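Worksheet: one structure, shown below.
The values are calculated or read from the model by the stated rules, or taken from the named source; none is laboratory data. Because the structure is a prediction, the values reported are computed rather than measured. Cβ placement follows ideal geometry from the backbone for every residue including glycine, while neighbour counts extend to all protein chains displayed. Surface areas here come from the heavy atoms of the whole protein model, side chains and all, with no ligands, DNA or RNA. Shrake-Rupley method; radii C 1.70, N 1.55, O 1.52, S 1.80 Å.
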Amino acid sequence: MTDAMVSQPGYWARKRYFELYDRSLRHPEEFWAEEARKLDWFKTWDKVLEWKPPFARWFVGGQLNACHQCVDRHVKTWRKSKVAIYWEGEPGDTRVLSYSTLYGEINRCASVLKNLGLRKGDTAALYLPMIPELPIFMLACGRIGVTHTVIFSGFSAQSLADRMNDIGAKLLVTADGGFRRGNVIPLKEIADEALALSPCVEKAVVVNRVGKSVPMQRGRDFWYHHLLEDAVPSVETVSVESSHPLYILYTSGTTGKPKGIVHSTGGYLVFNHSNYQWVFDIKEESVYWCTADVGWVTGHSSIVYAPLSHGAAIVLYEGSPDYPSLDRWWNIIETYGVTTFYTSPTAIRMFMQHGEEEPARHDLSSLELLGTVGEPINPEAWLWYYKHIGGERCPIVDTWWQTETGGIMISHAPGIQLLALKPGSAGFPLPGIDAAVVNESGEAVAPGEKGLLVIRKPWPGMFLTLHGDPERYKQTYWERFPGSYHTGDYAVKDEEGYFWLLGRADEVIKVAGHRLGTLELENAVISHPAVVECGAASKPDPIKGEAIVLFVILRNGYEASDDLSKELVAHIRKVVGPVATPERLFFVAKLPKTRSGKIMRRVLKAVASEVDIGDVSTLEDGASVDEAKAAYEDLKKAV
Ligand code: PRX
């Protein structure tokens with residue numbers, strides 16, 4: 001160490017951060033045990049980690065309850081009268097729930113679940129709008145040891161049915177509708193279609209959200225408010241072992257079938273409790289707003305489990321960001337005095353496109369810290385966010401993580417030490433996270449060189465397995481680089497150790513931060529009678545990050561036309577859901593394939609993006625450069 005180094009700005013801050021980081025990697029079990037003691041366990045664990053690669057169990061033998069962590073614990077303190085949830089519906093209706101009213105609601109909800117016959121080890125599917133009942137049902141499930149699966153309300157009946165069948169859900173909870181951009185999403189009607197395809201589901205509970213009459217099947221469907229009439233006010237928490245599955249959340253991968261990511265109770269809660277403190281520097285007076293939908297992992301960890309485990313006040317908003325006008329979000333920040341605001345780069349780019357006048361009309365001075373998640377953020381959007389939302393006073397945490405990781409892995413951590421920010425970089429791995437950028441053979445690449453992001457040690461928030469498919473869990477995530485978790489993302493670590501995340505290296509597309517698998521999209525299109533084959537790719541989109549482009553081969557006897565194109569778009573929206581709306585659709589006579597019959601993904605991507613084949617990162621398809629070039633020329637001519 002030289003004097004010149006010590007006097008460099010940030011030297012001591014970096015030193016402090018990296019000392020903690022190094023200690024966490026040298027003694028991970030001690031480190032995580034110390035973190036785990038911050039939660040309230042009914043019984044302490046016998047063993048911090050049981051690592052039978054690639055399966056990890058954290059805090060083995062420890063007993064706890066998720067609802068107890070997030071609610072009961074606070075109700076025993078002064079926080080009982082603290083706001084837990086500020087809720088705003090899209091039409092402007094509001095509800096404020098204190099920790100004690102939330103506690104009461106959850107207890108009655110748990111009683112309803114029990115009266116319907118649900119017990120520890122059962123699973124329930126939640127298909128609800130962003131209303132307080134969504135976290136209430138999640139926590140009520142946790143209270144009695146029922147594993148929940150939340151299905152984003154933008155998914156179709158088929159997607160809902162597939163998930164319910166895969167998980168073997170006994171119960172479906174839905175609503176008579178939800179408000180979105182002034183319209184009512186007919187959730188119950190969609191749920192009815194799904195129920196017809198899901199024989200495992202015995203009962204359905206319907207929350208009255210929009211006050212509309214919906215078909216109710218006698219003996220199967222029940223209004224929630226009717227069931228509440230028989231509910232008791234207090235239901236005991238069920239103690240579960242640390243690895244008891246708290247929830248299963250479906251996400252897209254490289255095969256046609258979404259994967260059920262299984263998260264534990266103990267490891268998951270410890271991990272989120274800690275990294276929430278580190279990343280969001282949560283304080284007693286924080287008013288925390290994460291704009292994600294609870295249907296995604298961000299909503300699970302960053303709306304429900306992490307902030308509530310800290311006894312924070314959260315904001316929950318039902319509707320669209322631009323309804324009835326473009327200042328809806330800024331109005332909410334001003335109304336509730338939001339201090340911590342966490343959103344997606346897509347949303348920021350959307351607002352940026354409309355200019356700074358809307359946020360400028362509101363007092364956003366309560367904000368202290370901003371965050372982003374779900375996709376890479378471009379420096380222009382970062383700077384706009386910093387200036388026009390954060391008033392050049394709020395640090396921005398760009399948080400990298402995945403459904404599988406359960407919580408934030410790479411991010412700045414102002415709760416430990418704020419280090420110099422670089423727009424577009426997520427910063428550093430959090431304590432306990434052994435992240436590295438490696439080449440195809442698994443060796444760490446030089447600083448500044450692009451490679452694949454891997455995690456070389458287990459961490460408490462990691463998923464337990466893929467529901468019903470431990471083999472696929474092993475193959476997809478752990479076989480490529482034995483001993484390391486393969487994230488599927490490209491990254492660069494620069495000379496100063498900052499990580500830059502560069503998007504997916506596999507066949508996963510991110511549209512407005514929503515994760516979709518190319519094969520899943522292709523299967524959906526092929527299920528239309530006019531289609532024999534389909535290739536899905538993405539192109540860069542200035543707002544949504546990526547947009548879907550389809551290459552479709554028609555069956556003999558069908559003619560390409562605008563009407564058929566529209567019909568196919570409607571079909572994919574129906575099969576997967578509106579999240580999967582393609583931006584463009586080309587009719588082609590053949591698809592670019594390798595000799596072994598695999599679609600050459602990078603050729604589709606280059607043509608979809610209107611760039612040269614050499615400008616596309618090599619997506620793994622086994623084709624040679626010459627093959628890919630020839631196929632690229634062919635396809636370009638065809639579209
Ligand atoms: O490609 C990465 C991108 O989102 C993927 C994970 O998607 P999902 O499981 O839906 O979870 C999203 C929310 C946690 C990653 O593999 N991603 C997530 N965060 C970032 C990101 N890409 C760049 N920067 C980020 N901060």
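Hey, got the dipole for the chain? About the Cα centre, +1 on K and R Cβ, -1 on D and E Cβ, debye to the nearest 20?
It works out to roughly 1260 debye.
In the range 310-413, which GluC sites (Glu not before Pro) fall in coil by DSSP and have 11 or fewer other Cβ atoms within 10 Å? Present the calculation step by step, with values, prior to reporting the outcome.
Values: sites: Glu318, Glu334, Glu356, Glu357, Glu368, Glu380, Glu392, Glu404; in loops: Glu318, Glu356, Glu368, Glu392, Glu404.
In loop regions of the range 310-413 (DSSP not H, G, I, E or B), the sparsely surrounded GluC sites (Glu not before Pro) are Glu392.
Over the range 93-233, with the other protein chains present, what is the accessible area per residue in square angstrom, probe 1.4 angstrom? Intermediate results must be reported in sequence, preceding the final value.
On the way: 4950 Å² over 141 residues.
For the range 93-233, the per-residue accessible area is 35 Å².
For Leu228, put the label point 7 Å out on the Cα→Cβ axis and report which residues of the range 180-217 keep their amide N under 12 Å from it.
207-209
At what distance in nm do the modelled label points of Asp363 and Val532 sit from each other, each positioned 7 Å from its Cα along Cα→Cβ?
So the label points at Asp363 and Val532 sit 6.7 nm apart.
Got a number for carbon plus sulfur as a percent of the range 12-130's accessible area, 1.4 Å probe?
Values: 2700 of 5240 Å².
Summing carbon and sulfur atoms, their accessible area is 52 percent of the total for the range 12-130.
Work from the charge dipole of the range 276-384 (Cβ charges, +1 for Lys and Arg, -1 for Asp and Glu, about the Cα centre) and give the residue of Ser366, Ala292, Ala381 farthest towards its positive end.
Going by the Cα projections, it comes out as Ala292.
Would you calculate the separation in nanometres between label points at Glu479 and Leu418, each defined as 7 Å from the Cα along the Cα-to-beta-carbon direction?
The two pseudo-label positions are separated by 4.7 nm.
May I ask for the equivalent-ellipsoid semi-axes of the range 190-267, computed as the square root of five times each C-alpha gyration tensor eigenvalue and listed largest first in whole Å? Write out the running numbers ahead of the final one.
Numbers: eigenvalues 159, 109, 24 Å².
Working from the Cα gyration tensor, I get semi-axes of 28, 23, 11 Å.
Report the calculated FRET efficiency for Leu25 and Met216 (r = Cβ-Cβ distance, R0 = 60 Å), to the nearest 0.05.
Numbers: r = 55 Å, r/R0 = 0.92.
E between Leu25 and Met216, to the nearest 0.05, is 0.60.
Describe numerically, in nm with one decimal, the distance between label points set 7 Å from Cα along Cα→Cβ at Leu197 and at Glu633.
Modelled inter-label distance: 4.3 nm.
May I ask you to derive the FRET efficiency for Asn183 and Ser7 from their Cβ-Cβ distance with R0 = 45 Å, giving the value to the nearest 0.05? Walk me through the numbers before you get to the answer.
On the way: r = 60 Å, r/R0 = 1.34.
The calculated FRET efficiency here is 0.15.
With the dipole of the chain worked out from charges on the C-beta (+1 for Lys and Arg, -1 for Asp and Glu) around the Cα centre, which of Gln417, Ser153, Pro9 lies farthest toward the positive end?
Comparing the listed Cα positions along the dipole, Ser153 ranks first.
Regarding the range 255-382, what whole-number volume in Å³ per residue does the convex hull of its Cα atoms give?
136
Got the relative contact order for the range 97-238 handy, in percent, Cα pairs under 8 Å and 6 or more residues apart? Kindly include the intermediate steps, with their values, before the conclusion.
Working: 255 pairs, mean separation 40.7, N = 142.
Rounded, it is 29 percent for the range 97-238.
Tell me, what is the FRET efficiency for Ser624 and Ala446 to the nearest 0.05, using R0 = 22 angstrom and their Cβ-Cβ distance as r?
On the way: r = 26 Å, r/R0 = 1.20.
Taking R0 as 22 Å, the efficiency between Ser624 and Ala446 is 0.25.
Take the alpha carbon atoms of the chain, find their radius of gyration, then divide it by 2.2 N^0.38 Å using N residues; give the quotient. If you can, show how the numbers build up before the last one.
Values: Rg = 24.2 Å, N = 639, 2.2 N^0.38 = 25.6 Å.
Taking the Cα Rg and dividing by 2.2 N^0.38 Å, one obtains 0.95.
Counting Lys and Arg as +1 and Asp and Glu as -1, each charge on the Cβ, what is the dipole of the range 97-238 about the Cα centre in debye, to the nearest 20?
On the way: 15 positive and 14 negative charges, 23 e Å.
I would put it at about 120 debye.
Which percent of Cα pairs goes in each bin when the distances of the range 507-638 are cut into 10 angstrom slices starting at zero?
The calculated distribution, bin by bin, is 13, 46, 34, 7.
How large is the charge dipole for the range 1-126, taken about the Cα centre, if only the Cβ atoms of Lys, Arg (+1) and Asp, Glu (-1) carry charge, to the nearest 20 debye? All intermediate terms of the calculation are to be shown ahead of the outcome.
Numbers: 21 positive and 16 negative charges, 86 e Å.
The calculation lands at about 420 debye.
What percent do you get for the relative contact order of the range 421-485 when only Cα pairs under 8 Å and 6+ apart count?
Values: 56 pairs, mean separation 17.6, N = 65.
Contact order relative to length: 27 percent.
For the range 384-411 and the range 4-81, write down the distance between their C-alpha centroids in whole Å.
21
Given q = 0.11, 0.12, 0.13 Å⁻¹, what are the Debye log10 I(q)/I(0) values for the range 97-238, with equal point scatterers placed on the Cα positions and solvent ignored?
Relative scattering, expressed as log10 I(q)/I(0), comes to -0.36, -0.43, -0.50.
So what is the calculated 222 nm ellipticity per residue for the chain, using -39500 (n - 2.57) for each DSSP H run with n of 4 or more, over all residues, to the nearest 500 deg cm²/dmol?
Numbers: 19 runs with 185 residues, N = 639.
Counting only the DSSP helices, I get -8500 deg cm²/dmol.
Mind checking the full-extension length gain between Asn115 and Glu284? Use 0.36 nm per residue of separation minus the Cα-Cα distance, one decimal, nm. Could you put the intermediate results ahead of the total?
On the way: separation 169, 0.36 × 169 = 60.84 nm, distance 3.63 nm.
Net length gain for the segment: 57.2 nm.
Cα centroids of the range 467-510 and the range 282-324: how far apart, whole angstrom?
Value for the Cα centre distance between the two parts: 27 Å.
In the chain, if the dipole is taken from +1 on Lys/Arg beta carbons and -1 on Asp/Glu beta carbons about the Cα centre, which of Val315, Gly61, Tyr268 is farthest to the positive end?
Farthest towards the positive pole: Gly61.
Determine the alpha carbon to alpha carbon distance for each of Lys510/Lys590; Lys422/Lys493; Lys47/Lys457; Lys257/Lys629 and list only those over 19 Å. Present the calculation step by step, with values, prior to reporting the outcome.
On the way: Lys510/Lys590 25 Å; Lys422/Lys493 13 Å; Lys47/Lys457 17 Å; Lys257/Lys629 30 Å.
The pairs that break the limit, which is 19 Å between Cα atoms, are Lys510/Lys590; Lys257/Lys629.
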